[in-house]
Amino acid sequence: MYRLTLGILLACFQATLAQSTIDSLKDSYIINTTAYSKGIYKTFEDFKYNKPSIVDPYTFDGKNLWLKDTNTGKLKKIKKKEIWGFSDGTRVYVSWHKYDEVLEKGRYCYFKEKGTKIVFGVTAFPPMILPIPVPYNDELIINFNTGKTYLLSKNLLKKILATDDKELLAEYMKQSKKGKKLFEYIVKYNDRNVAKIK
């Protein structure tokens, strides 16, 4: 009887310890703080845990990120594909086609990007392929549990809500101009589904 009681107590202690370890990891998530560590995130994990890999001095000119060599003082341009994003200590930016501010943090982190992309069209006569600049205004979300980034659309939002929050889906389906309410419903989803953050 003594061994059984001791075994149960030990199992409870281990479960409590494991849960407290998980909770302490969650406490270090960037979405649980407003004090962002200044620096450059090389990976999504750096961002998730608010621990930039690069804390050397850098500058952001609104378009490019420049790392300062501490020995020479010279600036070296950082390639977007080599990093995940950065924080200036007040805001967080993600590296996509440009550097975009993360406007909502939670189960799904939200950012948007606008710009111009080039598509190629063919003229009828004489037949020629011409580059055509086309403006875009994309809304994107980052799955905080996986680090994957998705183009946010009505269909994707409906799929997320259908999986996790059917009550919020019913509310969303009653809205007119659903495409203009994507950000609003990501914020609502995040507020209602904090427990789904891993």
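The values are calculated or read from the model by the stated rules, or taken from the named source; none is laboratory data. As the structure is a computational prediction, the values presented were derived from the model and not from experiment. Glycine gets a Cβ as well: all are built from the backbone with ideal geometry, and neighbour counts include every protein chain shown. Please note that ligands, DNA and RNA were not included when accessible areas were found on the heavy atoms of the full protein model with its side chains. Shrake-Rupley method; radii C 1.70, N 1.55, O 1.52, S 1.80 Å.
One residue stands out among those in the stretch 149-174 that are touching a residue at least 12 places away in the same chain (Cβ under 8 Å) and of a type in the set (S, T, N, Q): the one that is nearest to Tyr110 (Cα to Cα), which is Thr149. Considering every residue within the stretch 122-134, establish whether at least one is part of a strand (DSSP E or B), touching a residue at least 12 places away in the same chain (Cβ under 8 Å), of a type outside the set (D, E, K, R) and touching a Ser or Thr at 6+ places or on another chain (Cβ under 7 Å). Yes, the stretch 122-134 has at least one match. Going by the conditions given, is Lys177 on the phi > 0 side of the Ramachandran plot, free of Cβ contacts under 8 Å to residues at least 40 places away in the same chain and of a type outside the set (Val, Ile, Thr)? Judged against the criteria, Lys177 is a match. A search for C-beta distances below 8 Å between a residue of the stretch 96-115 that is more than 26 Å from Val194 (Cβ to Cβ) and acidic (Asp, Glu) and any residue that is in a loop (DSSP other than H, G, I, E, B) and open to solvent by 50 Å² or more (accessible area, probe 1.4 Å), counting only pairs 6+ apart in sequence or on different chains, returns Glu113/Trp96; Glu113/His97; Glu113/Lys98.
Can you pull out the residues in the stretch 180-197 that are touching a residue at least 24 places away in the same chain (Cβ under 8 Å), assigned to a helix (DSSP H, G or I) and more than 14 Å from Tyr110 (Cβ to Cβ)? Before the answer, list the steps.
Keep residues of the stretch 180-197 that are touching a residue at least 24 places away in the same chain (Cβ under 8 Å), which gives 182-183, 185-187, 189-194, 196-197.
If we keep only those that are assigned to a helix (DSSP H, G or I) as well, we get 182-183, 185-187, 189-192, 194, 196.
Within the stretch 180-197, Arg192, Val194, Lys196 meet the criteria.
Here is a list: Thr72, Thr59. Which entry is polar (S, T, N, Q) and either open to solvent by 70 Å² or more (accessible area, probe 1.4 Å) or over 22 Å from the mean Cα position of the chain (by Cα) (or both)? Walk me through how you get there before you give the answer.
Values: Thr59 fails: either open to solvent by 70 Å² or more (accessible area, probe 1.4 Å) or over 22 Å from the mean Cα position of the chain (by Cα) (or both).
When all the criteria are applied, what remains is Thr72.
Here is a check on your reading of the model: is Lys51 farther than 18 Å from Asn143 by Cβ, in a loop (DSSP other than H, G, I, E, B) and of a type in the set (D, E, K, R)? Answer is yes for this residue.
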